[in-house]
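Written out below as structure tokens is the structure these notes cover.
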Amino acid sequence: MTFLLRQEIATSATTIVVKVGTRVLTRQDGHLDVERIAQLAQQVHRALGTGRKIAVVSSGAVGAGMGRLGMTRRPTDLAHLQAVAAIGQSALVEAYDTALRNHGRHAAQILLTAEDLDHRTRYLNARNTILTLLELGATPIINENDTVSVEELQTTFGDNDRLAAIVTNLIRAPLLVLLSDVDGVYDRHPAEAGARVIPLVSRLDESILALARDTKGGLGKGGMASKLEAARLATTAGENVIIAGGRTPDVLGKILAGEDVGTLFLAQGQTVAARKRWIGFTVQPRGHLVLDAGACRAVRGGGRSLLPIGVIDVVGRFGKGDVVALRDADRAEFARGLTNYSTADIQKIKGLKTGEIAGALGYHPYDEVVHRDNMVITK
């Protein structure tokens, strides 16, 4: 049954996003593993030969820069991190381009920041560029723009895992493959005796999230927790995800053949429309609204818009048209949407009936704080 399911998913995945982690692409001494990139390029070439389109989200810029500079430890201050990333990025893309040209293919470098994807017009420009490159038969090599990104470099959250999920939603790729230094999600800590890879996750719930075991140190910034979050972002939008070992010989070929490799996360529900993917899974909320129990039920299960009467608290500073998160009384987020009112206005109308909006504000432009058409259930 699992084999048939994997075959069906592999066959329907005409566009694939492949994310490769730092630990897969670098050797123990910190130098870029050019042979590993050559192997990956060969796998990409074979996949392209079947008519598929492949976009690669690649980590490794800082590690490649460390290798070129002969460094053995990742810098800790921002200036050196950005400088090392700038040096390494050229080495990283050069390695991909050389390896792909050996097969008559072309690499194209795309560097993105969270701000690029938060801005609707720039988001659409990025999508159009990537889709055009895929139409031309080129392989986009996408990375976080570390030389100008600040927060991403200073954390170990695993930003390229999230970036890969965003790119998957951006181009509506049916399959995201996260290639890691582990072979998938294990049913216990991988170091424990008897630990086994979970082949199939039909529902990414708290029991699966609890299995994440991040490893500190080394060159990589991510970990299993960030990969599971990436899987959540992509599967909630209606796409499938596979976490597999990047060092497994011909891992991409085996995945596309439907073989039992890594952990497969099944898409949850119907595919989400492109605009709602941007609202629910790309833009960072400018603030959040806390809803009472009745509003939570109406929004989450009833398919209703959010009215002022259901809002009990407002957090953050935002204006009309910004994305805000919707949270329950325990402060757990379950939806996001475009707000019709600013922070100041919602403070004045929260808890009020629709007919009382004009009395509180002096005008009544909208009945809804967040309209259902501009809302996405995220959890």
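Going by the structure shown, is LEU352 over 16 Å from GLY287 (Cα atoms) and either in contact with a strand residue (DSSP E or B) (Cβ under 6 Å, 6 or more places away or on another chain) or in the same structural domain as GLY294 (by TED's automatic domain parsing) (or both)? So LEU352 fits the description; yes.
Filtering GLY60, GLY70 for residues that are surrounded by fewer than 17 Cβ atoms within 10 Å (Cβ to Cβ), at positive phi and not hydroxyl-bearing (Ser, Thr, Tyr) leaves a single hit, GLY70. Output the residues belonging to the stretch 97-141 that are crowded, with 17+ Cβ neighbours inside 10 Å and among the hydroxyl-bearing types (Ser, Thr, Tyr). The answer is THR113, TYR123, THR139. Taking the stretch 339-360 as the region of interest, how many residues are surrounded by fewer than 17 Cβ atoms within 10 Å (Cβ to Cβ), among the hydrophobic types (A, V, I, L, M, F, W, C) and in contact (Cβ under 8 Å) with a residue 12 or more places away in the chain? Qualifying residue count for the region: 2.
Per-residue answers, yes or no, for (1) basic (Lys, Arg); (2) in contact with a His (Cβ under 9 Å, 6 or more places away or on another chain); (3) touching a residue at least 24 places away in the same chain (Cβ under 8 Å); (4) crowded, with 23+ Cβ neighbours inside 10 Å:
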| site | (1), (2), (3), (4) |
| --- | --- |
| LEU163 | no, no, yes, yes |
| VAL167 | no, no, yes, yes |
| LEU170 | no, no, yes, yes |
| LEU175 | no, no, yes, yes |
| LEU179 | no, no, yes, yes |
| ASP187 | no, no, yes, no |
| ALA193 | no, no, no, no |
| ARG196 | yes, no, no, no |
| ILE208 | no, no, no, no |
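Against the test of being part of a loop (DSSP other than H, G, I, E, B) and either at pLDDT 85 or above or surrounded by 16 or more Cβ atoms within 10 Å (Cβ to Cβ) (or both), the options ARG203, ARG232 yield a single qualifying residue, ARG203.
Would you check if there is a residue in the stretch 16-26 being out of contact with any Leu (no Cβ under 7 Å at 6 or more places or on another chain) and either surrounded by fewer than 19 Cβ atoms within 10 Å (Cβ to Cβ) or more than 21 Å from ALA165 (Cα to Cα) (or both)? For the stretch 16-26, residues out of contact with any Leu (no Cβ under 7 Å at 6 or more places or on another chain) and either surrounded by fewer than 19 Cβ atoms within 10 Å (Cβ to Cβ) or more than 21 Å from ALA165 (Cα to Cα) (or both): absent.
The values are calculated or read from the model by the stated rules, or taken from the named source; none is laboratory data. Everything numeric in this text was worked out from a predicted model, so none of it was measured. So basically every Cβ, Gly included, is an ideal-geometry build from the backbone, and we count neighbours across all protein chains shown.
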